[in-house]
Amino acid sequence: MRATTIHAARDIRLTDVATPSIGSPTEAVIKVTAGCICGSDLWPYRGENPITAGSTIGHECVGVVEEVGSAVTSFKAGDFVIVPFCHCDNTCAHCRAGITSACENVGFTESGQAEYALVTQAEGTMFKAEAPSDDDMLKSLLSLSDVMPTGWHAAVAAGVRPGGTAVVVGDGAVGLCGVLAASVMGAEKVVVMSRHEPRQQIAKAFGATHVIAERGKEGEEAIREITAGVGADAVLECVGTDQSMQTAFAVARPGSRVGFVGVPHGVELPVRRMFQKNVGLFGGVAPVRAYLDELLPKVLDGSINPGLVFDSVRPLDEVADGYRDMDERRAVKVMLLP
């Protein structure tokens, strides 16, 4: 099959690799209808993460079931499914506690930017849906494989509440979905920190009431003005850098919580500030499957349209160009069509 592979920093290729096949009773093979590039894929692309030359890349996809193992009883060939990027059996103690991303049998989608993908725990992971009839619905369903539940997880972890003030640090696709989540959860003020006009427009469409373009001390002061000097009731950290984490804690009010979903790179927690101000930290890898029962109906009834984060659609042949577009911030999120 054709699949996206990474060979070195900024060296993305579309190559021929072995098509996945059933090797365990719990597995399923998916014919990918649509995949996409994630902001977290840019870490290895930029050389910030270790790279195994020639390995496939891409963890978000939706598609049609091609084949299932003998232990998979709820799905059959021809079913259209959303594939959460972290695979789970949905029965272990951690899954029952709602943290499906820490399943005792956890697996991950490894070829979402390809023609086929393997799901290691198909019965507990995949989520059946009607095949989308238009591109807008396809985009929103694809967002449920990672980016929308991850933004939702940031809001849950931060403790967003009706009538409160939520600040979102980061204007990538996850941050924008965090804006949408905070708005849906009833925050009265939703502040997004963003310097890019196209992203600001999506944030406003998702319910942002305030946009802060400044960074550092100037950005922190702007949030103090919006909150009358109190600080945010909930902060969503959606980047993963030390700067974003320091900003998140600087704008959090005493007794609040920072919900973090940005993959940490070089982050040092301000433990003394956390101690002195009683500011908590919660979050991590989003338990995508745990949120789909709530999020899919919202997509289907039109109450949320997270697919707006896909501002670029490319054929799989142009995947390298898609990476360049996201790396250079010409695109928020690129959908790929095999």
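The values are calculated or read from the model by the stated rules, or taken from the named source; none is laboratory data. In this text, all values refer to a predicted model and were calculated from it rather than measured experimentally. Methodologically, a virtual Cβ is constructed for each residue, glycine included, from the backbone with ideal geometry; neighbour enumeration extends over all protein chains shown. Ligands, DNA and RNA are excluded from the accessible area calculation, which covers all protein heavy atoms including side chains. Shrake-Rupley method; radii C 1.70, N 1.55, O 1.52, S 1.80 Å.
Within region 245-338, the GluC sites (Glu not before Pro) that combine a DSSP coil assignment with at most 10 other C-beta atoms in a 10 angstrom radius are E268, E328.
Note on region 194-338: the C-alpha convex hull projects to 10.5 nm² when averaged across all orientations. Axis angle, to the nearest 10 degrees, between helix 216-226 and the longest C-alpha principal axis of the chain: 70 degrees.
The alpha-carbon atoms of the chain define a convex hull whose volume equals 123 cubic angstrom per residue. In this structure, the amide hydrogen of S55, modeled 1.01 Å from its nitrogen in the peptide plane, lies closer than 5 angstrom to those of I6, counting only residues at least 5 positions away or on a different chain.
Loop-located GluC sites (Glu not before Pro) in region 25-88 (DSSP state not H, G, I, E or B) with no more than 16 neighbouring Cβ atoms inside 10 Å: E48.
Phi angles of region 160-170 translate, via the Karplus equation with coefficients 6.51, -1.76, 1.60 and θ = phi - 60°, into HN-Hα couplings of 4, 9, x, x, x, 10, 10, 10, 10, 9, x Hz per residue; Gly and Pro are given as x. Between the C-alpha center of region 29-48 and that of region 112-162 there is a gap of 14 Å.
In the chain, the calculated helix contribution to ellipticity at 222 nm averages -8500 deg cm²/dmol per residue, counting -39,500 (n - 2.57) for every DSSP H run with n ≥ 4.
At a probe radius of 1.4 angstrom, the accessible area of region 19-111 per residue rounds to 42 square angstrom. Lys-Lys pairs in region 190-338 that are eight or more residues apart or on separate chains and whose Cα atoms lie under 30 Å of each other come to 6.
Of the residues A208, G255, G170, the one whose Cα sits farthest toward the positive end of the charge dipole of the chain, with +1 on the Cβ of Lys and Arg and -1 on the Cβ of Asp and Glu, is G255. Computed about the Cα centre, the dipole magnitude for region 148-209 is approximately 40 debye when only Lys and Arg (+1) and Asp and Glu (-1) carry charge, each at its Cβ. Only protein atoms count toward the accessible area here, which uses a 1.4 Å probe; on the chain, the carbon and sulfur part of that area reaches 49 percent.
Relative protection proxy for 34-40, 197-203, from highest mean packing down: 34-40, 197-203 (other beta-carbon atoms within 10 angstrom). Only Lys, Arg, Asp and Glu carry charge here, each on its Cβ (+1 for the first two, -1 for the last two); on that basis region 180-272 has a dipole of about 120 debye about its Cα centre. Probe of 1.4 angstrom, ligands and nucleic acids ignored: what's the accessible area per residue over region 199-238, in square angstrom? Per residue, region 199-238 has an accessible area of 45 Å². Karplus-based coupling profile of region 279-293, in residue order and whole Hz: 9, x, 9, 8, x, x, 5, 5, x, 3, 4, 5, 9, 5, 4, with θ = phi - 60° in 6.51 cos²θ - 1.76 cosθ + 1.60 and x standing for Gly or Pro.
Taking the Cα centre of the chain as origin and assigning +1 to Lys and Arg Cβ atoms and -1 to Asp and Glu Cβ atoms, the resulting dipole is close to 1000 debye.
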